[in-house]
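Data first, discussion second: the structure below is written as structure tokens.
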């Protein structure tokens, strides 16, 4: 994700080349302030290690986080999982774009997760 952000959400290549020094400094500062190592943080490993219900909601017009990140987390998940790809939604805007479907999907997911406990 750092390289996606360093590449201005346009090109991971830019983040890994031209803006790599800035990304490395940002990572170092975040690790120092947060008391953790980025290499120890992996959403994919976390969802693979535990079988908890997972609902991923991804806006297909999201320019902040590429879809490949949601796909990788979804594929790695060991528990019950759903991936909802929301046409027309930008980052965190699924509720605004499809409010009725958002409510239906989230409530149905929680009901299913509770029933499987």
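The values are calculated or read from the model by the stated rules, or taken from the named source; none is laboratory data. Because the structure is predicted, anything quoted here is derived from the model rather than measured. Backbone-built Cβ (ideal geometry, glycine too); neighbour counts: all protein chains shown.
Here are the numbers:
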| read-out | value |
| --- | --- |
| Residue 60 under 25 Å from residue 103 (Cα atoms) and in contact with a helix residue (DSSP H, G or I) (Cβ under 6 Å, 6 or more places away or on another chain) | no |
| Out of 69, 63, sole residue that is outside any loop (DSSP other than H, G, I, E, B), more than 17 Å from residue 113 (Cβ to Cβ) and in contact (Cβ under 8 Å) with a residue 40 or more places away in the chain | 69 |
| Selection status of residue 32, at pLDDT 85 or above, more than 30 Å from residue 105 (Cα to Cα), touching a helix residue (DSSP H, G or I) at 6+ places or on another chain (Cβ under 9 Å) and not assigned by TED's automatic domain parsing to the domain that holds residue 107 | no |
| Members of the range 72-115 that are farther than 19 Å from residue 51 by Cα and assigned to a helix (DSSP H, G or I) | 94, 95, 96, 97, 99, 100, 101, 102, 103, 104, 105, 107 |
| Looking only at the range 35-60, and only at residues there that are more than 23 Å from residue 110 (Cβ to Cβ) and free of Cβ contacts under 8 Å to residues at least 12 places away in the same chain, the one that is surrounded by the most Cβ atoms within 10 Å (Cβ to Cβ) | 42 |
